[in-house]
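This report concerns only the one structure given below.
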Amino acid sequence: EGFVTGNLFGREIEGSIPLKFTKKEIEVLLKNNNKGSQVMLELDGKTYDALIKEVDYNPLAHTVEEVDFQALVSNEMVHSVAEMVFENHEKILSGVFQVDEEKVMSGVLQDELKEVAYKALPADLVDKIKVDVAGMKIGDTLRVKDLEIAKNKNIHITTDPEAVVATVTPVHNVVPETETEAEET
């Protein structure tokens, strides 16, 4: 019918409250927010401080089908996720390195983790973790325990602190065979 459904649930809500949005409302909401974002929902004149808990997409139709929200209570910790955002890819240090008898001209960032799970009070929620990768070089590895969010005493990380967030791997420059080399073999 052109609507996106959802639910609002929480400790202070009996059962859950079914929601119905227009596709336009959801597009506007998700333009600047994503799973793990804290938003204010107004329902029947009452405002709820809520967390976007789940966003269900239909990959074939490229549409959002359902969005679930958790109503927050200021003194209650909540489980959430923060999306990894890598900045300054172009400033990864490069140079000529010798690796296994091949020359490597530069490195490329391999992002291994898309989000970090954690538990925090509503006042400490974050939806994005920005990571500046400028200055990383071939062989560098970034782990969850190295992130700023892991140093915040008000946030309890539930993702393994040793999990690899990103590594810089070498890009091998392949020298194509010339026609004369191909004819000789």
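Greater than 18 Å separation of Cα atoms is the criterion. Which listed pairs, Lys31/Lys91; Lys35/Lys114; Lys53/Lys119; Lys91/Lys114; Lys119/Lys145; Lys20/Lys128, meet it?
Long pairs (Cα-Cα over 18 Å): Lys31/Lys91; Lys91/Lys114; Lys20/Lys128.
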| remark: Inter-part gap, Cα centre of region 115-132 to Cα centre of region 42-71, in whole angstrom, is 19 Å
| request: Please give the per residue volume of the convex hull enclosing the alpha carbon atoms of region 1-149, rounded to a whole number of Å³. | output: 154 Å³
| request: With all protein chains present, calculate the accessible area of Leu51 using a 1.4 Å probe and round the result to the nearest 10 Å². | output: 0 Å²
| said: From the Cα trace of region 48-90, what convex hull volume per residue do you get, rounded to a whole Å³? | reply: 125 Å³
| task | Would you tell me the accessible area of Phe9, worked out with a 1.4 angstrom probe on the heavy atoms of the protein chains, in Å² to the nearest 10? | result | 70 Å²
| field | Accessible area in square angstrom per residue, region 6-161, 1.4 angstrom probe | value | 62 Å²
| Carbon-plus-sulfur fraction of the accessible area of region 5-81, 1.4 Å probe, in percent? | 50 percent
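The values are calculated or read from the model by the stated rules, or taken from the named source; none is laboratory data. Keep in mind the model is a prediction, meaning the values are calculated, not measured. When the accessible area is computed, the model is the full protein with side chains, heavy atoms only, and any ligands, DNA or RNA have been set aside. Shrake-Rupley method; radii C 1.70, N 1.55, O 1.52, S 1.80 Å.
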